[in-house]
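Remarks on the structure that follows.
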Amino acid sequence: MQNLLVTGGAGFIGSNFVHYVLENTDDHVTVLDKLTYAGNLESLRGLPEKRFTFVQGDIVDAGLVEGLVAQADVVVHYAAESHNDNSLHDPRPFLDTNIIGTYTLIEAARKHNKRFHHISTDEVYGDLELDDPERFTEQTPYNPSSPYSSTKAGSDLLVRAWVRSFGLQATISNCSNNYGPYQHVEKFIPRQITNVIDGIRPKLYGKGENVRDWIHANDHSSAVLAIIAKGKIGETYLIGADGEKNNKDVVELILKHMGQAPDAYDHVVDRPGHDLRYAIDSTKLRDELGWEPKFSNFDAGIEDTIAWYRENENWWRPQKAQTEAKYKEQGQ
Ligand code: NAD
Ligand code: DAU
């Protein structure tokens, strides 16, 4: 039994991880989350009280962070400002949380000599051409495009420097695009599903040719647990499940499963600097740690995700109108 401190555990991937840990291990979980617009306590409802504690607070609060890190065996750091579109309109919170917040956590982990796992993204590597035969590997040079991805790249480099300079007991993972329950309606897949439920046509940025490498949030969680258990200190592991799809195909799949015509969507103004394609080669994680994804059927995963949003309207409804109003202002 270990005590895990999970930052950002009220967000999309963090909350999926907390559910996964409580269902698949004996570990105790403490979540530290600021409850920004992206955090939702409803995502953590009904968890066993003896094995779960929630603390509302900011990861830049050094006093609070130090006390919690001191009590933990392992820190799993998910908290971030995570949405590219937001980072293009107001980058400052991305610097505060992703850079200063990560710095605050690794300083505490260093002081108390705690095992630290840093959650990051494939976006730190920039993007690939559609026909590039190569995919991202742990050796790909960093080349981030957006304020979001550049702050995530910065946070990864801080962790690497703390490992080398101070002997921090850390690992890093860079994962591709996640889908599944509890994802905020600002993100691509939930936005389109909830748009169709509301009778709004899905919105595709630009031509819809951009490719993302989709992985179910539970497969991300199992990979993170494998890295915490068996990963080598100081190493980076790429997490991906061979799920490349272009955005147009994803919208058409959602429309098909929701009983709509395949062309019942609108093209809207493109994202500035929009990364064209992400693709992960996860050979190292599979070969060295024996990890395999379980959710290999994207079609079935999307059907389940649509069902979850249909059944959990109370969870997403409070954010929907405000999110769409913001997109409308931006012509998206
Ligand atoms: P999210 O936006 O859904 O959740 C972020 C959570 O962090 C929220 O609960 C929010 O309240 C909390 N938070 C934000 N600022 C905080 C602060 N200063 N102090 C404490 N808590 C704070 O994000 P997500 O999509 O679940 O992403 C989680 C992590 O995974 C991020 O680090 C992100 O970079 C990474 N990641 C995401 C994806 C993806 O597809 N969404 C893929 C790879 C990696
Ligand atoms: O690759 C991992 C990253 O995936 C994470 O690091 C980020 O935190 C996460 O938000 C996600 O970033 P993306 O920018 O790829 O995700 P988003 O859901 O915003 O968009 C996915 C794709 O869909 C992207 O090509 C933009 C496009 N899009 C998005 C929205 C919201 C649309 O075409 N229409 C939309 O309405």
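Annotations
- All positions within the stretch 140-159 that are among the aromatic types (F, W, Y) and surrounded by fewer than 20 Cβ atoms within 10 Å (Cβ to Cβ): Y142
- Candidates I59, I106: the one that is more than 13 Å from ligand 2 (Cβ to nearest atom), within 18 Å of the chain's Cα centre (by Cα) and within 21 Å of S149 (Cβ to Cβ) is I59.
- For the stretch 121-134, a tally of residues being in a helix (DSSP H, G or I) and in contact with a Cys (Cβ under 9 Å, 6 or more places away or on another chain) returns 1.
- Scanning the stretch 278-332 for residues that are surrounded by fewer than 19 Cβ atoms within 10 Å (Cβ to Cβ) and basic (K, R) turns up K284, R286, K294, R310, R317, K326, K328.
- Members of the stretch 262-287 that are free of Cβ contacts under 8 Å to residues at least 24 places away in the same chain and within 30 Å of G231 (Cβ to Cβ): R286, D287
- Within the stretch 271-326, the set of residues being modelled with pLDDT under 95 and among the charged types (D, E, K, R) is empty.
- Selected residue (criterion: nearest to V224 (Cα to Cα)) from residues of the stretch 135-189 that are among the aromatic types (F, W, Y) and part of a strand (DSSP E or B): Y179
- Any hit, the stretch 41-58, residues being closer than 22 Å to S173 by Cα and modelled with pLDDT of 95 or more: no
- Residue match in the stretch 197-213 (condition: within 16 Å of N84 (Cβ to Cβ) and within 12 Å of ligand 1 (Cβ to nearest atom)): yes
- Residue identified as within 11 Å of ligand 1 (Cβ to nearest atom) and either within 24 Å of V250 (Cβ to Cβ) or assigned by TED's automatic domain parsing to the domain that holds K230 (or both) among S176, S165: S176
- Looking across the stretch 275-290, just one residue is out of contact with any strand residue (DSSP E or B) (no Cβ under 8 Å at 6 or more places or on another chain) and within 16 Å of ligand 1 (Cβ to nearest atom), and that is D275.
The values are calculated or read from the model by the stated rules, or taken from the named source; none is laboratory data. On a predicted model such as this, the values are computed, not experimentally measured, just so you know. We place every Cβ from the backbone using ideal geometry, glycine too, and count neighbours over all the protein chains shown.
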